[in-house]
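The values are calculated or read from the model by the stated rules, or taken from the named source; none is laboratory data. Just so it is clear, the structure is predicted and the values come from calculations on it, not from any experiment. No Cβ is skipped: glycine too gets one built from the backbone with ideal geometry, and neighbour counts run over all protein chains shown.
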Amino acid sequence: MDLFNGAVGTNQVHDFNPGIRSSGLFWTVPVKEGALQADFEDGRATLALSDFDLEDYGNLENALKDGPEVDASVSFNMSWTAKGDAFNVSDPVHRFAGRYFLANVDIAWSGMEEGFEFTSSPGVTNVKSVFGRERNGIFFSDD
Amino acid sequence: MGFSGSHEHRLWHSLSRRQFLGAAAASAGALATGLRIPGVLADTDNLATAFPVPIPQGVTVHFPDATSVFVHHFPTVVPNDGLPISEPSEITDFNGLVGLCRVTGKGVGTTGPLSFQVDNGFMSGLYRGEDGLMHHGTFAFI
């Protein structure tokens with residue numbers, strides 16, 4: 001979750017993420033089952049976390065290089081809403097397949113650390129969002 | 001790209017605070033299909049008991065200082081018979097629900113107005129853990 005003092009992509013000042021695991025697992029952490037409410041058939045999903053501990057790396061380069069960081073936390077409530085019909089994807093190169101919706105996502109979030117707080121304003125611009133039902137790796141089948 | 005020892009320790013410590021080693025195994029068998037069970041049957045406090053394995057593919061990010069880092073995220077799109085999307089999951093050997101987004105917006109920080117970009121997602125279902133065993137769990141990509 002990135003903050004910029006200016007347009008997105010320029011002069012990044014905060015980069016909130018949970019770190020990269022030694023296995024290479026990228027910014028992915030377990031959350032309580034109840035944090036996610038998803039109904040594929042209904043085309044909706046919500047993910048909500050409150051006061052979730054992570055780190056602020058300042059910018060993307062420092063984050064990817066596992067540079068210095070400070071303790072931080074974020075809270076967010078975000079929702080995926082399907083737009084259009086579901087579509088099938090099968091990618092034998094990367095070995096994943098599934099049925100997906102493109103989606104609109106809305107989010108309200110805040111971040112905080114010692115000496116700094118941020119609260120998002122209503123209204124977001126969707127660049128590209130998707131959700132679906134997937135199988136990959138050993139579960140992949142190109143049938 | 002891995003953690004330094006102290007950083008990894010800090011992450012584990014952080015997860016410990018959230019009781020990462022909770023008991024989720026009991027639900028694994030019931031979730032063999034990789035689909036979520038109704039909320040009334042799920043223990044909403046459950047946390048996955050093992051970390052998943054990252055997708056093997058990804059992108060190499062190059063920096064101005066001529067260094068680069070391979071990131072297990074967002075591999076190149078391959079043309080397929082549906083709409084072209086990149087692998088949205090961060091974890092491999094996975095069967096379940098996945099979501100990913102990129103949104104931008106604005107807000108107010110202590111220092112004044114700021115712009116944001118959020119690339120968040122989720123994965124919930126059956127997966128192979130680092131221990132080689134199958135588990136069920138819910139993960140956030142933040």
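I'd like to check something: does the stretch A:48-57 contain any residue that is within 10 Å of chain B (Cβ to nearest Cβ) and in contact (Cβ under 8 Å) with a residue 40 or more places away in the chain? Within the stretch A:48-57 (the criterion being within 10 Å of chain B (Cβ to nearest Cβ) and in contact (Cβ under 8 Å) with a residue 40 or more places away in the chain), the answer is no, since none of the residues qualifies. Across the stretch B:97-120, a minimum of one residue is classified as part of a strand (DSSP E or B), of a type in the set (F, W, Y) and under 29 Å from A:F118 (Cβ atoms). Checked against the criteria, A:F96 counts as modelled with pLDDT under 95, buried (at least 22 other Cβ atoms within 10 Å of the Cβ) and at the interface with chain B (Cβ under 9 Å from one of its Cβ atoms). Is it the case, given these coordinates, that B:V98 is at the interface with chain A (Cβ under 7 Å from one of its Cβ atoms) and either closer than 19 Å to A:G19 by Cα or modelled with pLDDT under 95 (or both)? Considered against the rule, which asks whether it is at the interface with chain A (Cβ under 7 Å from one of its Cβ atoms) and either closer than 19 Å to A:G19 by Cα or modelled with pLDDT under 95 (or both), B:V98 comes out as no.
Given the criterion on the phi > 0 side of the Ramachandran plot and either more than 7 Å from chain B (Cβ to nearest Cβ) or of a type in the set (A, V, I, L, M, F, W, C) (or both), identify the matching residue among A:G111, A:G9, A:G24. Answer to the selection: A:G9. Among the numbered conditions (1) more than 8 Å from every other protein chain (Cβ to nearest Cβ); (2) part of a strand (DSSP E or B); (3) surrounded by fewer than 19 Cβ atoms within 10 Å (Cβ to Cβ); (4) touching a residue at least 40 places away in the same chain (Cβ under 8 Å), the only one that A:S141 does not meet is (2). Checked against the criterion of being surrounded by fewer than 20 Cβ atoms within 10 Å (Cβ to Cβ) and on the phi > 0 side of the Ramachandran plot, the candidates A:D85, A:D66 yield just one match: A:D66. Among the residues of the stretch A:13-31, those identified as part of a strand (DSSP E or B) and within 21 Å of A:F118 (Cβ to Cβ) are A:V13, A:H14, A:D15, A:F16, A:N17, A:V29. Every condition in (1) at pLDDT below 95; (2) more than 28 Å from B:T49 (Cα to Cα) holds for B:G105 except the one numbered (1). Of all residues in the stretch A:8-32, those satisfying the criterion of being touching an Asp or Glu at 6+ places or on another chain (Cβ under 8 Å) and among the aliphatic types (A, V, I, L, M) are A:V8, A:I20, A:L25. The selection criterion, being assigned to a loop (DSSP other than H, G, I, E, B), over 12 Å from A:N17 (Cα atoms) and more than 7 Å from chain B (Cβ to nearest Cβ), holds for A:G67.
Give me a count of the residues in the stretch B:112-138 that are free of Cβ contacts under 8 Å to residues at least 24 places away in the same chain and either within 7 Å of another protein chain (Cβ to nearest Cβ) or closer than 29 Å to B:T44 by Cα (or both).
Within the stretch B:112-138, residues that are free of Cβ contacts under 8 Å to residues at least 24 places away in the same chain and either within 7 Å of another protein chain (Cβ to nearest Cβ) or closer than 29 Å to B:T44 by Cα (or both) number 8.
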